[in-house]
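The structure appears below as structure tokens.
Bear in mind that the values in this text are calculations on the coordinates, not laboratory data. All values derive from a computational prediction rather than experimental measurement. FYI the Cβ positions are ideal-geometry reconstructions off the backbone, even for glycines, and counts take in every protein chain you see.
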Amino acid sequence: MSIKRFCLFLSLFLLLVWFVGYVLFFISIPHSVADDSVKTDAIVVLTGDKGRLQEGLELLRKDAAKYLFISGVSHKVDFDTLAKNLPQMKNRAGFVVLGYQATNTMENALETAQWIKDNKQKSIRLVTSHYHMTRSLQEFEKALPKETVIIPHPVMSKKFNFRTFKITMSEYHKFLYSWVRYAVS
């Protein structure tokens, strides 16, 4: 077999592995909340896509947890600014904690882990977009204390379109990077 033919077969094989991996990743994306009845110590919302913060506040209103920790908040935003835009935050000042240290998912997990340790939390409900949940769980399971219970609470996109496809493709590549990073370390 020539080098050229070998490289062609290898390229096709790697493309097939990549494609099958993407399909498996896409299938693994949760499309519903598995358990919305269990109460946790805290709700953790990762900033980013629409609907995440509103979902976290709704869970707090329903007493799904005592605290709401919002990870990845911009330094330009404070509690009063959020409360002006989100009326459901009024009268929740002692129960909503803003985390300003994270700028990506790995940092969200590390910031949350520190808050959990400092506040002796044992369980969280993790609120993020459904397409972001697989990678978020991977990062959180590595960063949080082993005994911490994580209940995934995905926020669904309203519809599937080309933007959603691009986002899931991007998440797949980030997931692969994260997976390799942990496999090598």
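Values as computed for the structure displayed
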{"item": "Efficiency of FRET between Phe9 and Leu176 - r from beta-carbon atoms, R0 22 angstrom, step 0.05", "result": "0.50"}
{"item": "Global geometry of the stretch 49-112, whether rounded, prolate or oblate, following the gyration tensor of its Cα atoms and the 1.5 cut on a/c", "result": "prolate"}
{"item": "When each of Lys84/Lys117; Lys120/Lys159; Lys39/Lys120; Lys62/Lys166 is checked by Cα-Cα distance, pairs over 27 Å", "result": "Lys84/Lys117; Lys120/Lys159; Lys62/Lys166"}
{"item": "Length-normalised contact order of the chain in % [C-alpha pairs under 8 Å, at least 6 apart]", "result": "24"}
{"item": "Normalised contact order of the stretch 47-102, rounded percent, pairs of Cα under 8 Å and 6 or more residues apart", "result": "42"}
{"item": "Centre separation in Å (Cα based) which lies between the stretch 17-39 and the stretch 154-185", "result": "11"}
{"item": "Helix 3-28 vs. the chain, principal-axis angle (Cα, 0 to 90°, nearest 10)", "result": "30"}
{"item": "Choice from Thr128, Thr168, Thr112 with maximal GNM fluctuation in the chain (Cα, 10 Å cutoff)", "result": "Thr168"}
{"item": "Structure-derived volume of the Cα convex hull per residue in Å³: which label, when the choices are (1) 147; (2) 168; (3) 133", "result": "(1)"}
{"item": "Dipole-positive endmost among Ile27, Ile3, Ile116 within the chain (Cβ charges, Cα centre)", "result": "Ile3"}
{"item": "Residues with amide H under 5 Å from that of Val45, placed H, sequence gap 5 or more", "result": "Phe69, Ile70, Ser71, Val127"}
{"item": "Listed residue (Gly48, Val180, Ala143) projecting farthest to the positive dipole end of the stretch 28-184, Cβ model", "result": "Gly48"}
{"item": "Base-10 log of normalised Debye intensity for the stretch 126-184 (one unit scatterer per alpha-carbon) at q = 0.15, 0.16, 0.28, 0.30 Å⁻¹", "result": "-0.50, -0.56, -1.16, -1.22"}
{"item": "Principal-axis tilt of helix 52-61 within the chain, Cα atoms, nearest 10 degrees", "result": "40"}
{"item": "C-alpha long axis of helix 105-119 to longest principal axis of the chain, angle in °", "result": "40"}
{"item": "Share of pairwise Cα separations in the stretch 1-109, more than 23 Å, in percent", "result": "48"}
